[in-house]
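Asker: Here it is, the structure, as structure tokens.
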């Protein structure tokens with residue numbers, strides 16, 4: 001019997017139906033492909049992307065005004081994300097990656113820009129998109145990015161280099177964050193939508209990664225790329241605040257992804273411990289194993305609760321920077337523990353590719369690094385504590 005965190009009693013029938021759709025899709029379509037996609041190394045499962053688009057799972061988070069599913073509350077988005085990532089966290093994150101591109105467009109864009117760039121994401125054959133923030137020497141310090149945007153009459157000229165850009169080998173357009181003046185730090189950061197086929201845009205070779213290989217990463221090079229002023233999101237200098245609001249939401253969703261991974265690891269470990277016998281009894285009857293499984297369950301629930309709290313506060317319109325950081329921190333470190341514990345419980349079989357435990361352990365590590373390392377999340381929370 002799969003382990004499930006208890007649903008909130010106030011979920012609507014529509015919310016429950018969408019969560020059930022995601023759960024069924026994950027079981028039927030995602031989990032059976034997990035090992036194959038991992039073995040492929042640098043090839044995204046575009047057929048699964050197409051199937052998710054047909055069911056609406058790739059665009060459910062896009063407002064209905066632009067053709068999407070209209071599920072704009074973060075609570076429901078997090079519950080769906082959790083189910084997809086219970087199937088496989090890498091594939092689950094790929095299938096909802098349109099949301100990462102859409103978030104700054106929704107936060108900063110005009111109505112015309114939203115219609116132009118969001119509606120294509122809601123078709124049966126949506127393009128893959130990407131968010132380009134990280135640079136070779138600028139990761140968590142987004143205020144210090146060096147990609148330049150120089151205004152010339154009715155356009156900007158962008159020059160710089162981005163790295164670790166998810167979906168880059170397949171993306172048809174990017175939200176690129178650049179600075180109009182590095183000396184201004186955060187007050188100079190500005191967002192632009194850049195087409196892949198724009199002259200001067202070059203995408204590097206796919207990067208080989210430890211885990212989460214369903215999403216392929218690469219470097220993006222911008223060599224005097226001309227971007228019309230009409231393709232700027234918001235005013236000059238508004239990019240950083242829009243990015244931080246985007247991070248608040250995306251860190252909550254990372255907490256949800258990690259909760260799904262925790263549940264998957266716990267399912268596997270409990271099932272194995274019930275069947276595997278040592279010293280005449282199933283190993284779940286040995287206290288050392290039973291307590292490890294209990295710790296997995298407790299951390300899984302903790303990740304879920306931290307995520308749901310942040311999501312509800314976000315939906316209430318409150319600033320949730322610290323709560324979002326908490327959700328990501330608790331979720332990612334719980335996922336790392338849960339996958340380690342699954343490998344430990346399975347013993348030698350946990351180390352073998354006969355089971356998915358070793359893959360999940362590799363997948364989990366990324367969540368302690370991406371969109372702000374665990375150190376950065378602790379810094380955010382500590383700064384919140386320091387305020388009077």
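Asker: At what distance in nm do the modelled label points of residue 119 and residue 352 sit from each other, each positioned 7 Å from its Cα along Cα→Cβ?
Answerer: Spacing of the two 7 Å Cα→Cβ label points: 5.5 nm.
Asker: Shifting gears a bit: Choose one answer from 237, 255, 70: the residue with the largest mean-square fluctuation in a GNM of the chain with alpha-carbon springs under 10 Å.
Answerer: Largest GNM mean-square fluctuation: 70.
Asker: Given contacts defined as C-alpha pairs under 8 Å and at least six residues apart, what's the relative contact order of the chain, whole-number percent? Provide the component values of the computation, followed by the final result.
Answerer: Working: 762 pairs, mean separation 64.7, N = 388.
Rounded, it is 17 percent for the chain.
Asker: Could you give the length gained on full extension between residue 379 and residue 195, defined as 0.36 nm per residue of separation minus the Cα-Cα distance, in nm?
Answerer: Numbers: separation 184, 0.36 × 184 = 66.24 nm, distance 3.50 nm.
Additional length available on full extension: 62.7 nm.
Asker: A further question follows. Please give the length that would be gained between residue 155 and residue 14 if that part of the chain were fully extended, namely 0.36 nm times their separation in residues minus their C-alpha to C-alpha distance (nm, one decimal). Don't skip to the answer; put the middle values down first.
Answerer: Details: separation 141, 0.36 × 141 = 50.76 nm, distance 4.44 nm.
Length gained, residue 155 through residue 14: 46.3 nm.
Asker: Any idea how far the Cα center of segment 42-60 sits from the one of segment 273-289, in Å?
Answerer: Using only Cα atoms to place each centre, the spacing works out to 40 Å.
Asker: Testing the spin-label approximation: label points 7 Å from Cα along Cα→Cβ at residue 141 and residue 278. State their distance in nm.
Answerer: 4.7
Asker: Given contacts defined as C-alpha pairs under 8 Å and at least six residues apart, what's the relative contact order of segment 232-388, whole-number percent?
Answerer: On the way: 191 pairs, mean separation 44.9, N = 157.
Once normalised by length, the contact order is 29 percent.
Asker: For segment 291-355 and segment 195-248, compute the distance between their C-alpha centroids and round to whole Å.
Answerer: 29
Asker: May I have the extent of the alpha carbons of segment 13-122 along their three principal axes, as whole Å values ordered from largest to smallest?
Answerer: That gives 42, 36, 20 Å along the principal axes, largest extent first.
Asker: Past the 14 angstrom mark, what percentage of all C-alpha to C-alpha distances in segment 302-388 do you count? The partial results should precede the final answer.
Answerer: Details: 2502 of 3741 pairs.
The proportion of pairs with Cα distances above 14 Å equals 67 percent.
Asker: Taking the chain as a Gaussian network, where each spring joins two C-alpha atoms under 10 Å apart, which residue of 216, 320, 157 fluctuates the most?
Answerer: Answer for the Gaussian network model of the chain: 157.
Asker: Test of understanding: ordering 59, 166, 257 by Cβ neighbours within 10 Å, fewest first, what list do you get?
Answerer: 166, 59, 257
Asker: Could you run the Debye sum over the Cα atoms of the chain, one equal point scatterer each and no solvent, and tell me log10 of I(q)/I(0) at q = 0.12 Å⁻¹, two decimals?
Answerer: For the requested q values the scattering log ratios are -0.90.
Asker: Quick one: 254, 284, 89, fewest Cβ neighbours within 10 Å first, how do they rank?
Answerer: Numbers: 254 29, 284 19, 89 32.
So the residues, fewest neighbours to most, are 284, 254, 89.
Asker: For residue 43 paired with residue 185, estimate the spin-label separation in nm (one decimal), with each label point 7 Å from Cα along the Cα-to-Cβ line.
Answerer: In this crude spin-label approximation the distance works out to 4.7 nm.
Asker: Quick one: what do you get for segment 151-237 if you divide its Cα Rg by 2.2 N^0.38 Å? Please list the in-between numbers first.
Answerer: Working: Rg = 13.7 Å, N = 87, 2.2 N^0.38 = 12.0 Å.
The value comes to 1.14.
Asker: Same structure again: If you average 1/r over all unlike Cα pairs in segment 64-194 and invert the result, what Kirkwood radius do you get in angstrom?
Answerer: Values: mean 1/r = 0.0622 Å⁻¹.
One decimal place: 16.1 Å for the Kirkwood radius.
Asker: Right, something else. Report the relative contact order of segment 172-223, percent, no decimals, based on alpha-carbon pairs under 8 angstrom and at least 6 residues apart. Walk me through the numbers on the way to the answer.
Answerer: Details: 64 pairs, mean separation 15.5, N = 52.
With pairs under 8 Å counted, the relative contact order is 30 percent.
Asker: Just want the ordering: 349, 117, 164, from fewest to most Cβ atoms lying within 10 Å of their own Cβ.
Answerer: On the way: 349 15, 117 22, 164 19.
With the sparsest Cβ surroundings first, the list reads 349, 164, 117.
Asker: What length, rounded to one decimal in nm, is gained on full extension from residue 65 through to residue 315, with 0.36 nm per residue of separation minus their alpha-carbon distance? All intermediate terms of the calculation are to be shown ahead of the outcome.
Answerer: Working: separation 250, 0.36 × 250 = 90.00 nm, distance 1.88 nm.
The span from residue 65 to residue 315 would gain 88.1 nm if fully extended.
Asker: Okay, moving on. Pick from 259, 110, 42: which is most flexible by mean-square fluctuation in a GNM of the chain where alpha carbon atoms under 10 Å apart are linked?
Answerer: 110
Asker: Could you give P(r) for segment 240-386, binned at 5 Å from zero, as whole percent values over all Cα-Cα pairs?
Answerer: It works out to 2, 11, 19, 19, 16, 11, 9, 6, 4, 2, 1, 0, 0, in whole percents.
Read-outs throughout are calculated quantities, based only on the coordinates presented, and are distinct from any laboratory measurement. A quick note: this is a predicted structure, and the numbers were derived from the prediction, not measured. Positions of Cβ are backbone-derived with ideal geometry, glycine not excepted, and every protein chain shown enters the neighbour counts.
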